[in-house]
Structure formats: C-alpha cells, structure tokens
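Quick notes on the structure that follows.
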Amino acid sequence: MMPFPGGIEANANATLLFSFVATVIYLFALDMPPKWTRTAAKTLAVALLAVLAAMQGGPLLLVAALGLSAAGDAFLSRDGEKAFLGGLTSFLAGHIAYVALFAQAGGGLQLLSAQSWRGATALAMAAFSIAMLAALWRRVGPQLRIPVAVYVAAILAMGISALTTDKAWVIAGAVLFIASDGLLAAERFLLAAISPRRVWMRYAVWVLYYAAQLAITLGFLLA
C-alpha cells in the first residue's frame, strides 16, 4: 500500500520509490571510492524527498531544509576538509530551516514543561549533545572547533523545536537525525582509523539519516 493516492504509478509514489531506490544503491556503493555515481545516489535520495515535498504542496521551509540536506550529502560524498566544511555548512543551514519550520508548526517551548515526556526528551538531547561536543572538542583541530560547536547547537535546537510539535513522525525523525549525527561524529573523529566498528557505523549512519529525513517529510505531507 502506497502512502499517497493513485498507486505506484502516481507521481508522488513514484518519486518516493525512486528516492528509496537511490538510498539502497548508495548503501551498496558506500565503501567504494568517491566518484560521481556514488555522489549522485547519495544526493538523489534526499533531493527526491525535496521534490516530493514540493509536488505535494509541502511547506517551503521543508523543501528548503531537504534541498540543503541534499547539498550537504553531495559535499560529504567527497573526501577532504573543504568537502567536510561544505557539508557542515549546508546541514547547518538545513537545521536552521528545520528549526524555523518546527517552531512555525509547534505550540511553543511551554509544551516542554507542560508534558513531562517532552521535557525529559529535551534534557536527554541536551545531555547527549554536551557530551558529544566535549568529546569532539579534544579530538578535532582548532580550526574546526567553533564550526562543530555551532553545528551541535543547531541540531540540538532542531531536536528541541521538533518536540514542540504534535507530529509523532517529526519528533521520531529529529531523534533519529541526532542519533545519526552522533554516530557520524564518533566514526569520523573518535574511533581509531583501523577500528572494525567503522564498517557497521557507516551503514548505520546512512540508514538512520535517511529514516530521519523520510519521517520528517511524511510527518508533514501525511498530516
């Protein structure tokens, strides 16, 4: 059963299916050397979610956040510090767009104190973010410390703003996004280069990340 009317041949369902196919292709290409086919698969997975959001009349901020995330994926599919900083900047802008979107759709920060589970989840997000930043601060170079700190603050703001909405899928997506970024940071900066855990972590990062973007997208489009 497809999530949008019209069956698999409908434009919305076909776009979602192609996005999923690109996701699977990238999983198989994940450990291959960087080249344009791997970049295309990684970028298309979330870029097609942006197309889907635009086709379905989703909020402009959702389209922008997904588009910026796809640009970040394109950068991070390449090697080198410049590509990493490009990806970091794109995802930072994407998280800012998500914060604005969730704040617009949410009921305000007072919900965090009105419902204990929201407040507890926000505190857990904050504790995780502070612990991760403390670990990264000792491991990244001085030139990356401020950009990484700003990014950690942005994704924490994204997670907390998601908690002010009444959309369960959006909240789940925000939690998955934070988990994915935490694993990515650990794999890139905290693990030894020869650690065998790097292999499964790279796959877990991608699965969690795509699941996060998909949950947020459908949380708005199917509401």
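The values are calculated or read from the model by the stated rules, or taken from the named source; none is laboratory data. Bear in mind that the values here come from a model prediction, so they are computed numbers and not experimental data. Here the Cβ positions follow ideal geometry from the backbone for every residue, glycine too, while neighbour counts run over all protein chains shown. Accessible surface is based on the protein model in full, side chains and every heavy atom, while ligands, DNA and RNA are left aside. Shrake-Rupley method; radii C 1.70, N 1.55, O 1.52, S 1.80 Å.
Which pairs have Cβ atoms under 7 Å, sit 6 or more apart or on different chains, and link a residue in segment 133-146 that is over 17 Å from ALA192 (Cβ atoms) to one that is open to solvent by 20 Å² or more (accessible area, probe 1.4 Å) and among the charged types (D, E, K, R)? What qualifies is TRP137/ARG145.
Among the residues of segment 153-198, which ones are farther than 20 Å from ALA134 by Cβ and surrounded by fewer than 16 Cβ atoms within 10 Å (Cβ to Cβ)? Within segment 153-198, ASP166, ALA168, ALA193, ILE194, SER195, PRO196, ARG197, ARG198 qualify.
Restricting attention to segment 25-38, and to residues there that are part of a helix (DSSP H, G or I) and open to solvent by 50 Å² or more (accessible area, probe 1.4 Å), which single residue is modelled with the highest pLDDT? Ranking the qualifying residues of segment 25-38, first place goes to ILE25.
Within the set LEU101, LEU16, the sole residue that is within 21 Å of ILE178 (Cβ to Cβ) and part of a helix (DSSP H, G or I) turns out to be LEU101. Exactly one residue out of ALA41, ALA70, ALA50, ALA65 is buried (at least 20 other Cβ atoms within 10 Å of the Cβ), under 17 Å from the mean Cα position of the chain (by Cα) and closer than 23 Å to GLY6 by Cβ, and it is ALA50. For segment 104-119, a residue qualifies if it is open to solvent by 60 Å² or more (accessible area, probe 1.4 Å) and in a helix (DSSP H, G or I), and the qualifying residues are GLN104, GLN110, SER113, ALA114, SER116, TRP117.
If I filter segment 201-223 down to residues being in contact with a Leu (Cβ under 6 Å, 6 or more places away or on another chain) and among the β-branched types (Val, Ile, Thr), which single residue comes out as most open to solvent (accessible area, probe 1.4 Å)? Top of the filtered list is VAL205. Only one entry in MET125, MET55 is touching a residue at least 24 places away in the same chain (Cβ under 8 Å) and closer than 27 Å to ALA14 by Cβ, namely MET55.
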